[in-house]
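Notes follow once the structure below has been shown.
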Ligand SMILES: O=C(O)CCC(=O)C(=O)O
């Protein structure tokens with residue numbers, strides 16, 4: 001509650017009054033049980049004496065605090081976002097916090113962007129946020145999954161591993177693993193059965209309103225001029241994220257079993273034609289180039305056969321072994337992201353429907369122009385353990 005109206009435009013030494021006022025109004029959407037008031041002294045630069053106001057501050061919840069769903073860290077994630085939304089300090093950036101939030105979001109079968117967008121855009125109460133999480137999960141979340149998430153967030157990697165996924169032989173052969181070491185990428189063949197690929201490809205065609213048999217329909221692009229298809233929760237895509245074979249391949253590369261699938265988009269890269277040129281992504285990194293670059297992987301599942309000239313995934317094989325020396329050798333002040341990465345020796349990687357390409361995040365990578373007759377249809381799919389190394393500093 002503001003006890004005395006502040007003159008519009010009065011400025012404090014630390015921050016504008018408006019920010020504080022906004023903080024109050026934003027936090028109004030949040031139940032009073034979950035917020036508290038503090039009285040602060042504001043020193044307007046141009047009109048002493050100090051003004052005494054009360055502002056509504058969001059407490060940041062502890063990680064162990066749970067709501068109806070009984071999921072650790074969920075309330076904390078919500079309270080941090082609400083505090084940030086209200087322009088209030090929320091503890092600031094913290095790599096461990098970011099990793100825990102991502103594990104939670106993956107564990108709950110949510111997309112990172114959609115979750116943050118929802119929290120920031122809708123400013124839900126915590127009850128409403130939990131309801132949204134449930135809706136995204138079709139109305140219920142299995143207790144075993146909640147137990148795994150809670151184990152992961154309490155640091156119990158063993159209990160965080162899904163028992164039905166870890167049984168079974170390692171799908172990557174010793175040759176695959178040597179190839180991985182050498183090239184920084186590997187192809188897991190038959191990652192999912194053909195019917196899964198067909199169902200997921202069909203879902204992507206339907207979402208975009210495209211007909212596989214009619215090239216005129218491939219450029220409707222409800223998503224805009226982009227190859228990314230914002231289809232996250234279709235059952236066919238969810239089914240692929242549940243693949244035990246994929247799970248075990250990621251587990252092999254990470255050397256641990258507590259894997260969490262990222263909830264990522266589909267992809268549709270049609271042949272170039274006059275009026276439609278390849279929009280990217282061109283070669284890039286998704287990881288900070290602050291050194292040392294930590295281990296991390298990304299993945300793409302081909303849902304249809306993909307020739308090298310058909311918009312194939314492209315990377316610079318082996319670059320994970322030379323990136324550190326390459327970065328050290330750059331003249332001071334040069335931004336590696338602005339260099340012509342196509343001079344580094346990229347190769348398009350062809351594959352069959354059902355092939356999953358996993359690559360080391362230190363490889364420059366991207367898609368490529370489709371010069372063939374058929375679209376390239378994919379699902380982006382990666383997995384990470386409950387805890388992984390993350391660099392806060394973006395370079
Ligand atoms: O779609 C592709 O082939 C490349 C994907 C990509 O660049 C990425 O996932 O960061």
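Of note:
- Those residues of the range 106-120 whose amide nitrogen sits under 19 Å from the label point placed on residue 242, 7 Å along Cα→Cβ: 106-111
- When each of the peptides 96-105, 153-162 is scored by the mean number of other C-beta atoms lying within 10 Å of its residues, the order from highest to lowest reads 96-105, 153-162.
- Residue 125 paired with residue 96, simple spin-label distance in nm, labels 7 Å along Cα-to-beta-carbon: 3.3 nm
- The range 145-170 and the range 199-224 have their alpha-carbon centroids 37 Å apart.
- Net lengthening on full extension, residue 157/residue 145 (0.36 nm per residue, minus Cα-Cα): 3.0 nm
- Under 19 Å from a label point set 7 Å out along the Cα-to-Cβ vector of residue 295, the amide N atoms of the range 169-195 belong to 170-188.
- Residue 309-residue 286 FRET efficiency (beta carbon distance; Förster radius 22 Å; 0.05 resolution): 0.35
- Ranked by how many other Cβ atoms sit within 10 Å of their own Cβ, fewest first, the residues 185, 390 fall in the order 390, 185.
- Shape of the range 163-385, Cα gyration tensor, a/c cut at 1.5: oblate
- Förster-model FRET efficiency, 25 Å R0, residue 167 and residue 198, C-beta, rounded to 0.05: 0.40
- Distance between modelled label sites at residue 213 and residue 175, nm, 7 Å Cα→Cβ extension: 4.0 nm
- The residues 330, 301, when put in order of fewest to most other Cβ atoms within 10 Å, stand as 330, 301.
- Most tightly packed first, judged by the mean number of other beta-carbon atoms within 10 Å of their residues, the peptides 335-344, 170-179 read 170-179, 335-344.
- The modelled label-to-label distance for the pair residue 65/residue 340, using points 7 Å beyond Cα in the direction of Cβ, is 5.5 nm.
- In the range 154-282 the Cα-Cα distances spread across 10 Å bins starting at 0 as 11, 32, 31, 20, 6, 0 percent of all pairs.
- Residue-normalised convex hull volume from the C-alpha trace of the range 213-297: 149 Å³ per residue.
- The order of the peptides 227-235, 348-356, 214-222, 282-290 by mean Cβ neighbours within 10 Å, most packed first, is 348-356, 227-235, 282-290, 214-222.
- Distance between the range 262-297 and the range 55-108 - C-alpha centres, whole angstrom: 29 Å
Coordinate-derived values only; no laboratory data. Values in this document were obtained by computation on a predicted structure and should not be read as measured data. FYI the Cβ positions are ideal-geometry reconstructions off the backbone, even for glycines, and counts take in every protein chain you see.
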